[in-house]
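Reviewing the structure listed below.
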């Protein structure tokens, strides 16, 4: 009640009407009549009941309305019944409020048109049927207005609560969406950093060991190994620069996919040959059928799979197989002999996770695990049918 201006206004209206009625009970034409004070006491009791939204307040309102049309009442008490009904309708469900309005209206009309109205102490009033009808219809209209306003206020409150809830849910949804985008971006950055650095660090590690082993006995071999270390370092710095440029970009522009052509694949395979991994290939020409968005993913898959073959396999050989497009997909497979040894690091598994995320983001399928012939990585990437050149006319 303290924070409800509508309830406070209704309560104030009833209280003022009761005060005006009390004044008329003292100085009016019927001053001192017991009936007048009884009506005022009934109105005060009804106000206490209406504040608690009790159904008894409706009965009080009906009695006051009937008394208003049947017998002279204190000034202003016609507003008490409407105020009680408004307070009730303000805090009760729609059906309860409509039923309360019907009770008050029915009581008023019954008091006006009851057959016994022409007998007894109310005969003089009943003879003035027209005046009584006007008063009765006025109170019925007041009751309808009280119920309507009370229910309208309730509807507005429900709308405000629903709107606040909707906005809160929208804000929560936006926060969750931002958090999801942040998490996805973090995963993407982690994947790019892992794929960019892991291969080159493996190359650096192998050539550093070669340089260390041949430092005194074969200076030329050491020099070539250090050149390879320098080249690998330069490559990893370039790729890190690309990632950093993406992070510094003012807008989340898409990074163009690196083309997968014979030169790129040849350079990649040559870099692995330089660290002692012999790579056999079959069907590399089918990589040209890959959709542009899948080309960068294919390059990363080759790079990560061959890096794992060198680090966690026997380090000697691997086979890359690319099958022709079928059902809109190109199948890329990398297999290497694999014999688990305690001296080999098991790895963090982030490389496989990153490859799987890349493939699934493109709508493809991914599988990695040991089989009868070693360790197999298989990915299906979306393909675009190559366009046939138009035949020359004539």
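So the values come out like this:
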| read-out | value |
| --- | --- |
| Residue in the range 285-297 that is in contact with a helix residue (DSSP H, G or I) (Cβ under 7 Å, 6 or more places away or on another chain), at pLDDT 75 or above and surrounded by fewer than 20 Cβ atoms within 10 Å (Cβ to Cβ) present | no |
| Residue 80 vs. criteria surrounded by 22 or more Cβ atoms within 10 Å (Cβ to Cβ), more than 13 Å from residue 144 (Cα to Cα) and either touching a residue at least 40 places away in the same chain (Cβ under 8 Å) or not assigned by TED's automatic domain parsing to the domain that holds residue 138 (or both) | yes |
| Flag for residue 179 being over 30 Å from residue 80 (Cβ atoms), loosely packed, with under 14 Cβ neighbours inside 10 Å and at pLDDT 90 or above | no |
| Number of the condition not met by residue 313 [criteria: (1) surrounded by 18 or more Cβ atoms within 10 Å (Cβ to Cβ); (2) farther than 19 Å from residue 373 by Cα; (3) over 34 Å from the mean Cα position of the chain (by Cα); (4) at pLDDT below 80] | (2) |
| Index of the failed condition, residue 99 passing every other in (1) touching a helix residue (DSSP H, G or I) at 6+ places or on another chain (Cβ under 7 Å); (2) modelled with pLDDT of 85 or more | (1) |
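To keep it simple, each residue is scored yes or no on (1) over 32 Å from the mean Cα position of the chain (by Cα); (2) outside the structural domain of residue 280 (by TED's automatic domain parsing); (3) part of a helix (DSSP H, G or I); (4) at pLDDT 80 or above.
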position: 344; (1), (2), (3), (4): yes, no, no, no
position: 351; (1), (2), (3), (4): no, no, yes, no
position: 355; (1), (2), (3), (4): no, no, yes, yes
position: 370; (1), (2), (3), (4): yes, no, no, yes
position: 376; (1), (2), (3), (4): yes, no, no, yes
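The values are calculated or read from the model by the stated rules, or taken from the named source; none is laboratory data. All of these numbers come straight from a predicted model, not from anything done at the bench. Cβ atoms come from the backbone with ideal geometry, glycine included; neighbour counts cover every protein chain shown.
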